[in-house]
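These notes are about the structure you will find just below.
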Amino acid sequence: MAAERYAVSVDISAKIEAWDKPSLVAVANDHTRVLLVTAATKQAAARLLANSEEPAQYALMAVLAYLAVRHEIDHLSSITLDRDYSGEIAERIIVRRLLALLKRDRPRLKSSAVRVGNVANSKADRLARAAYKGKLKADGEITLAEIMALL
């Protein structure tokens, strides 16, 4: 019997490069999850990426999205990332990095399963915003160790 598959949206409240603020990563469809990334964790991760050819916020967008969906990877039919970083180059970097991470766990995942789109007013957007405003408690926290393991 085939596993149930569903599409999810991913939104991050407080831009990643707002280094002095925490970010909240929300994954939503019928299944939801909100994860906190503290400002200190983002700053430390950015320092690790300082010599990278890619902007730190692009790499972190992919890594944070992966960490938010990894527990559901066998059930995902598609992932739509919010268009926080527009432009063909930014989107290509983020999607390429996220796909590489996802394919480590699910090698046969099609490249078309990950896309960048507008998730404004989606469940993920509302969850991320509510958690950022303190109206909703995060389900967990992404640690620097988790990020480091993927860089």
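Projected label points at His31 and Lys103, each 7 Å from Cα along the beta carbon direction, are separated by 2.3 nanometres.
Split the accessible area of the chain by element, probe 1.4 Å, and carbon with sulfur accounts for 49%. Taken along its three principal axes, the alpha carbon spread of the chain comes to 46, 37, 29 Å, from the longest extent down to the shortest. If you take the alpha carbon atoms of segment 25-70 and fit the smallest convex hull around them, that volume is 65 Å³ per residue.
The distance linking segment 114-130 with segment 1-39 is 8 Å (Cα centroid to Cα centroid, whole angstrom). When shorter helices are ignored and each DSSP H run of at least 4 residues is given -39500 (n - 2.57), the per-residue value for the chain at 222 nm works out to -11500 deg cm²/dmol.
Of all lysines in the structure, the ones whose alpha carbon falls short of 19 Å from that of Lys135, not counting any fewer than 8 places away in one chain, are Lys15, Lys21, Lys123. The three principal axes of the C-alpha atoms in segment 1-86 carry coordinate ranges of 46, 24, 23 Å, sorted with the longest axis first.
For segment 43-132, how big is Rg over Rh, using alpha carbon atoms and the Kirkwood form of Rh?
Values: Rg = 13.3 Å, Rh = 13.9 Å.
Expressed as Rg/Rh, it is 0.96.
With every protein chain left in place, what is the accessible area per residue of the chain in square angstrom, probe 1.4 Å? On a per-residue basis, 52 Å².
For His75 and Ile89, compute 0.36 nm times the residue count separating them, minus their Cα-Cα distance, and round to one decimal in nm. Show your work: numbers first, answer last.
Values: separation 14, 0.36 × 14 = 5.04 nm, distance 2.87 nm.
Difference between extended and current length: 2.2 nm.
The values are calculated or read from the model by the stated rules, or taken from the named source; none is laboratory data. Only a predicted model underlies this, so the values are computations on that prediction, with no experimental measurement involved. Every residue, glycine among them, receives a Cβ derived from its backbone with ideal geometry; neighbour counts consider all protein chains shown. Accessible surface areas use protein heavy atoms only, side chains included; no ligands, DNA or RNA. Shrake-Rupley method; radii C 1.70, N 1.55, O 1.52, S 1.80 Å.
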